[in-house]
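Beneath this line is the structure, given in structure tokens, with notes to follow.
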Amino acid sequence: MPEFSIRAEHRIKPECREAWIALARRHSANSLKDPECLRFDVLFSRDDPNLAMLYEVYTHRDAWLAHMEEPYLKAFIEASPDGARLIEMMRKL
């Protein structure tokens, strides 16, 4: 079964960085409890400490769509100071 990946960019306000990191860690842990979430990485730019990226891998696209409806994701989005910009959706061959 092909895997489905998401790459989302987050621009973080400097004064909110530590709080955002705590939220992102909790969001990652919650996401990884789902057996259809195979990977969930929170990454930061080497050049910009306020630019983060979430890299997520799911068993298939419908698993990601179900993830998008989870209450913990909605709470993360609401608490993210500047929201996210979806960069790319990818499918493994």
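The values are calculated or read from the model by the stated rules, or taken from the named source; none is laboratory data. Just so you know, these numbers come straight off a predicted model, no measurement behind them. A quick note on method: Cβ atoms are made from the backbone with ideal geometry, for glycine too, and the neighbour counts reach across all protein chains shown. Areas reflect the complete protein model, heavy atoms only, side chains present, ligands, DNA and RNA absent. Shrake-Rupley method; radii C 1.70, N 1.55, O 1.52, S 1.80 Å.
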Residue list for the stretch 28-53, restricted to those being closer than 20 Å to GLU15 by Cα and touching a residue at least 24 places away in the same chain (Cβ under 8 Å): PRO49, ASN50, LEU51, ALA52, MET53
Count of residues meeting criterion [part of a strand (DSSP E or B), within 16 Å of LEU73 (Cβ to Cβ) and open to solvent by 40 Å² or more (accessible area, probe 1.4 Å)] in the stretch 50-62: 1
Qualifying residues in the stretch 23-49 (those that are more than 13 Å from the chain's Cα centre (by Cα) and under 17 Å from PHE76 (Cα atoms)) - the one surrounded by the fewest Cβ atoms within 10 Å (Cβ to Cβ): LYS33
Subset of the stretch 22-69 [of a type in the set (Ser, Thr, Tyr) and more than 18 Å from GLU3 (Cβ to Cβ)]: SER45
